[in-house]
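Please read the structure below before turning to the comments.
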Amino acid sequence: MKTLLIYPEYPATFWSFKYALKFIHKRAALPPLGLLTIGAMLPKEWPKKLVDLNVAKLTEKDLAWADCAFISGMVVQRESAREIIARCKEANIKVIAGGPLFTNEYDDFEDVDHFVLNEAELTLPPFLADLEKGKAGHIYETSGFCDIRKTPAPMWELMNFKHYASMSIQFSRGCPFNCDFCNVTALFGHRPRIKTAEQIIGELDGLYDQGWRGQVFFVDDNFIGNKGYLKNHLLPALIRWQKGKRGVPFNTEASVNLADDEPLMEMMVQAGFDAVFIGIETPNEESLAECNKRQNKNRDLLESVKRMQRAGLQVTGGFIVGFDSDTPSIFQRQIDFIQKSGIVTAMVGLLNAPPGTKLYERMRNEGRLIESISGDNADGTTNILPRMGLDVLREGYGNLMQHIYSPEHYYKRAMTFLREYKRPKVRTPLDFQRLLAVLRSSIRLGVFGKERFQYWKMMIWTLFRRPGLLPLNITLAIYGHHFRKICELKIAQ
């Protein structure tokens, strides 16, 4: 059966890096890891073609070739997914859908022939068996969780590497914590399930053998969910892998208690990790208690960030405003924390209640759900009625975002970070595209940009004080351009 693996387009969002990617002539930040893995789980004899709408168009020739289409996506890709489904139905192609978007909203997609929901390792095999017998059902779902030690390596050969800024792999699923606004545990459970070190090395070898030398993102929702296995098996294996010819930089997501474990941070840096996303959420202790963010409570969050930076891990952070415990003072408190922390990439969003979370149930019981969730973490929308009032929340949020991403405050924060940050052991190779990015940023931002004074101030400071961080300096400047464009597009409306 000729199969299209179709990934919907992302709108311009905080994490799309749409305006930053142009500087390095890339079309997307990351490949569709889920679909590449699905491709490896489908029958080997099926011809397969990946169409990622973030890097290529879905052509009439593609549709004429295919017998069926597997579509996966997240909530933020909802509108693009609808358009894809409509085109596939017009072409009389069977549509099979899965992933977080469809798991939560399958009732809203009447034209999908078959839903393969939850974890495909469990739901795809019975669908394929029924399909072969000619009696495939409409919905395949499960409440169980799979053993990802049996998950195959992604089919890297289906993609064109030159279009992507970074690659992605997955070591674990699940998180030991239970934050009431997060749907990770609803989707993947509390007990972190892990792949073996041998699996991860095999996947990295597959990328390396295909010619990839750039950054690799470990997409785990909490990379340090099983510290024992990390310290005793995976990180030693990654350290060995990096020696000699490798030199591939990694980044990932983790909980803030990483800062409490200096040996673990040191091993991660030796293994090639140079950045980590942390859910900071808020400096308000009452709000942390309200959302059951116990790993963030009763600690000096600012010092925790500094410890990670000094260890050699750039901290990118998630922040939330709109908790019931928040008052209008929270906006300035968030600004002060973000600026002092040197968290350059600070994703601030309004509190939302994703379906399947404890927060969603509470908001529904209180009659405070107002619309469907957008899936965009930083577009200034929310699906709940906040205690402080919607107008007050949106105005305060808009002011906060415009403040932290104004050139003056963004570059000041970046220099705060560069002073703290320990130079990473493994760095992204300075290839031709990145050399061109230096030239493009110097012209676009340093000559014509509103931030040209701040741009050259940071550039000269870095050149004389921290010359080894000059490539990172350029990256941060380009990111700042993207974030300001997003603020103009989403917040200043």
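We did not get these values from a lab; they are worked out from the coordinates using the rules stated. Remember, predicted model here, so these are calculated numbers, not experimental data. Here the Cβ positions follow ideal geometry from the backbone for every residue, glycine too, while neighbour counts run over all protein chains shown.
Each Lys and Arg adds +1 at its Cβ and each Asp and Glu adds -1 at its Cβ; summed about the Cα centre, segment 166-420 shows a dipole of about 700 debye. Relative to the Cα centre, the charge distribution of segment 432-491, modelled as +1 at Lys and Arg Cβ and -1 at Asp and Glu Cβ, gives a dipole magnitude of about 40 debye. Taking 4.7 Å between C-beta atoms as the pairing limit, the chain has these partnerless cysteines: CYS68, CYS88, CYS146, CYS175, CYS291, CYS487. Length, then width, then depth: along the principal axes, the Cα atoms of segment 1-85 run 39, 24, 23 Å.
Applying 1/(1 + (r/R0)^6) with r as the Cβ-Cβ distance of GLU262 and ASN92 and R0 = 56 angstrom yields a FRET efficiency of 0.40. Over the Cα atoms of segment 432-491, each weighted equally, I'd like the Debye log10 I(q)/I(0) at q = 0.19, 0.23 Å⁻¹, rounded to two decimals. Evaluating at q = 0.19, 0.23 Å⁻¹ gives log10 I(q)/I(0) of -0.68, -0.94.
Here's the picture: a label point sits 7 Å out from the Cα of LEU489 along the beta-carbon direction, and within segment 19-58 the residues with their amide nitrogen under 17 Å of it are 19-30, 53-56.
When the Cα positions of LEU445, GLY380, THR185 are compared along the charge dipole of the chain, LEU445 comes out farthest toward the positive end, with charges on each C-beta of Lys, Arg, Asp and Glu. The Cα atoms of segment 261-358 cover 41, 32, 23 Å along the three principal axes, with the biggest extent listed first.
Short-range pairs are left out: with C-alpha atoms under 8 Å and at least six residues apart, the relative contact order of the chain is 14 percent. With the simple spin-label model, which puts each label point 7 Å out from Cα in the Cβ direction, the ASN298 to ASP108 separation comes to 4.0 nm. The charge dipole of the chain, taken about its Cα centre with unit charges on the Cβ of Lys, Arg, Asp and Glu (plus for the first two, minus for the last two), comes to roughly 2340 debye.
Divide the volume of the convex hull around the Cα atoms of segment 345-471 by the residue count and you get 171 Å³ per residue.
Apply 1/(1 + (r/R0)^6) to the Cβ-Cβ distance of LYS231 and ARG465, taking R0 = 22 Å, and write down the FRET efficiency to the nearest 0.05. Calculated value: 0.05. With R₀ set to 45 Å, the beta-carbon distance separating GLU361 from ARG434 gives a calculated FRET efficiency near 0.45.
Spacing of the modelled spin labels on ASP391 and ASP130, each 7 Å from Cα toward Cβ, amounts to 5.1 nm.
Here is the P(r) of segment 84-151: all C-alpha pair distances, binned every 10 Å from 0, give 20, 49, 27, 4 in whole percents. Short-range pairs are left out: with C-alpha atoms under 8 Å and at least six residues apart, the relative contact order of segment 3-140 is 23 percent. For segment 104-155 and segment 291-342, what is the centre-to-centre distance using only Cα atoms, to the nearest Å? What the calculation gives is 38 Å, centre to centre.
Of the residues ALA120, ILE93, ALA64, the one whose Cα sits farthest towards the positive end of the charge dipole of segment 3-140 is ALA64 (charges of +1 on Lys and Arg Cβ, -1 on Asp and Glu Cβ, taken about the Cα centre). Here, P(r) means the percent of Cα pairs in each 5 Å bin from 0 to the largest distance; for segment 119-200 it is 3, 12, 16, 16, 18, 17, 13, 5, 1. Placing dummy labels 7 Å off each Cα toward the beta-carbon, the span from ARG333 to THR196 is 4.9 nm.
Compute the separation of the alpha-carbon centres of segment 17-87 and segment 468-486 and state it in Å as a whole number. With segment 17-87 and segment 468-486 each reduced to a Cα centre, they are spaced 28 Å. Using just the Cα positions, wrap segment 166-420 in a convex hull and report its mean projected area in square nanometres, one decimal place. About 13.8 nm², averaged over all directions. Its relative contact order, with pairs defined as Cα atoms under 8 Å and 6+ residues apart, puts segment 432-491 at 27 percent.
The distance from the alpha carbon centre of segment 206-252 to that of segment 383-423 is 31 Å, rounded to a whole number. Volume of the convex hull of the chain (Cα atoms only), normalised per residue: 145 Å³.
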